[in-house]
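Nothing in this text is a laboratory measurement; each read-out follows from the coordinates by a stated rule. Bear in mind that the values here come from a model prediction, so they are computed numbers and not experimental data. Here Cβ is always computed from backbone atoms with ideal geometry, including for glycine, and neighbour counts include all displayed protein chains.
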Amino acid sequence: QVQLVESGGGLVQAGGSLRLSCAASGRTFSSLVMAWFRQAPGKGREFVATINRSGANTYYADSVQGRFTISRANAKDTVYLQMNSLKPEDTAVYYCAASLGEYAPRRPSYDYWGQGTQVSVST
């Protein structure tokens, strides 16, 4: 069983930045493909970004490409999401997810999920 705990959410003005962290436990972190998703009020869960086991490969949703950066520190069992140039439409609960399977940019499912952290962007 893998436990994922997100942190770093909060309230920020449009144009600002936040860095989310997700700490994993319960399994060798470097064996996990990691991703971030988000869910805005009244909407479904949306893919944001994914990263392979080594950190060498990443893939982003078009809506965040060029503004968000996913990275990982395997020695710290942690994946990050650096969010710059934030917009009000980025307001959502952000979830960390992990997969035991192979890295795939459009992976349809993940095995483990965190509880989420709220990001709110004001105008």
Could you give the length gained by full extension between Gln115 and Ala23, i.e. 0.36 nm per residue of separation minus their alpha carbon distance, to one decimal place? 31.9 nm
For segment 26-78, take the convex hull of the Cα atoms, compute a quarter of its surface area, and give me that in nm², please. 4.5 nm²
Taking only C-alpha pairs under 8 Å that are 6+ residues apart, what is the relative contact order of segment 25-123 in percent? 29 percent
How many nm separate the modelled label positions at Arg45 and Leu100, each set 7 Å beyond the Cα in the direction of the Cβ? 1.8 nm
Which values, in whole Å and largest first, are the semi-axes of the equivalent ellipsoid of segment 55-123 obtained as the square root of 5 times each eigenvalue of the Cα gyration tensor? 22, 14, 13
Count charges around Tyr95 for me, please; just the other residues with Cβ under 12 Å from its Cβ, Lys/Arg as +1, Asp/Glu as -1. 0
Between Thr123 and Ser71, the FRET efficiency computed from the C-beta separation at R0 = 35 Å comes out, to the nearest 0.05, as 0.75
Please list, by residue number, everything in segment 21-46 whose backbone N is under 12 Å from a paramagnetic label point 7 Å out along Cα→Cβ of Ser7. 21-24
Largest first and rounded to whole Å, the semi-axes √(5λ) derived from the alpha carbon gyration tensor of the chain read 23, 14, 14
DSSP-defined beta bridges in the chain - what % are antiparallel, rounded to 5: 90 percent
